[in-house]
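The structure under discussion appears below in the form of structure tokens.
The values are calculated or read from the model by the stated rules, or taken from the named source; none is laboratory data. On a predicted model such as this, the values are computed, not experimentally measured, just so you know. Using ideal geometry, Cβ is built from the backbone for each residue, glycine included, and neighbour counts are taken over all protein chains shown.
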Amino acid sequence: MYKDLENKVVVITGAATGLGKAMAERFGREKAKVVVNYHSDRNEVDELIQSIKTAGGDAAAIKGDVTNEDDVKKMISFAVETFGSLNIMVNNAGIENEVPTERLSLDDWNKVIDVNLTGVFLGSREAIAYMLEHDIKGSIINMSSVHDRIPWPHFAHYAASKGGVKMLTETLALEYAPKRIRVNNISPGAIDTPINAEKFADPQGKKEVEALIPMGYIGKPEEIAACAAWLASDESSYVTGLTLYADGGMTKYPGFQAGRG
Ligand code: NAD
């Protein structure tokens, strides 16, 4: 646990499910004040808000689309009106869909780039603008993927969006380091969340993914939330522009394991 996270105000996009939800729960246990952004169904977040409060934190929910500039501005002003400030911005919302590239429509391409990359840009820009204006030495955490470096056929739009997130993060880290606003990236491997539900429901599909992970198991959302808590806390005070691969070794060439190659 990180004592300095107590009472810090954190906004998490796409926090109704999966990694966003796990991070919201973790920040709740850190006794932070959590703004839970959700995209569609309010029912999904009521229980989450309650569990954060029970854990000793505080929480409030706001509906919004990360691709909509006004919605993103409202997320930040909602955090400030509700909890008085903004210290940590987690740009987590993301989508993916499988399409061989020769059939990838411009519409599908744009949707994924809009949510995964433009959404991170808007969230980062608005959070940084607020932090600069109020002289807050905040922390921005972006959710990328191992596919910011591992090519992924049939997911060209997704891989392109995550490669963009990595470079956006590094650029912002450099740009705002003098203001002590830290900008870091988490790149998860395969984690057990709704985005992978279909794939992991098929035992063969799950086995194939596990074979790509040197540590041999699919990650838990809590293991990503732990990275976010560290990157938000003062324990990582000298860390900016990092891409933290939380992937059980997936980016370390698993084909070469056990002396092969
Ligand atoms: P998820 O599908 O449970 O979460 C994605 C969330 O984003 C959902 O709650 C969804 O409602 C929200 N969302 C989608 N479009 C939105 C929009 N326009 N505005 C606001 N919210 C929107 O899946 P997840 O695994 O928790 O994914 C979270 C992030 O982690 C994504 O960026 C994903 O690419 C990334 N990621 C996940 C994995 C994994 O294995 N689970 C691996 C690498 C990266």
Q: Kindly list the number of the only condition in (1) away from the ligand (no atom under 16 Å from the Cβ); (2) at pLDDT below 95 that fails for Asp41.
A: (1)
Q.
Let me spell it out: the conditions are (1) farther than 14 Å from Ala15 by Cβ; (2) surrounded by fewer than 18 Cβ atoms within 10 Å (Cβ to Cβ); (3) touching a residue at least 12 places away in the same chain (Cβ under 8 Å), and Arg42 meets all of them except one. Which number is the exception?
A. (1)
Q. For residues in the range 53-72 being within 16 Å of the ligand (Cβ to nearest atom) and of a type in the set (Val, Ile, Thr), which is nearest to Val35 (Cα to Cα)?
A. Ile62
**Q.** Residue list for the range 100-147, restricted to those being in contact (Cβ under 8 Å) with a residue 24 or more places away in the chain, among the polar types (S, T, N, Q) and assigned to a helix (DSSP H, G or I)
**A.** Thr101, Asn116, Thr118, Ser124
Q.
Quick check on this structure: which one of Ile76, Ile95 is within 13 Å of the ligand (Cβ to nearest atom) and modelled with pLDDT of 95 or more?
A. Ile95
Q: Scan the helices (runs of 4 or more DSSP H) fully inside the range 148-261 and keep the ones with 1 or more residues being loosely packed, with under 13 Cβ neighbours inside 10 Å.
A: 156-176, 197-201, 203-210
Q.
Of everything in the range 177-217, what is farther than 18 Å from Ala159 by Cα and either near the ligand (Cβ under 8 Å from one of its atoms) or of a type in the set (Ser, Thr, Tyr) (or both)? Give them in sequence order.
A. Asp192, Thr193, Pro194, Tyr217
(Q) For the range 79-92: of the residues being farther than 24 Å from Pro194 by Cβ and polar (S, T, N, Q), which is nearest to the ligand (Cβ to nearest atom)? (A) Thr82
Q) Within the range 56-74, which residues are under 20 Å from Lys31 (Cα atoms) and surrounded by 16 or more Cβ atoms within 10 Å (Cβ to Cβ)? A) Gly57, Asp58, Ala59, Ala60, Ala61, Ile62
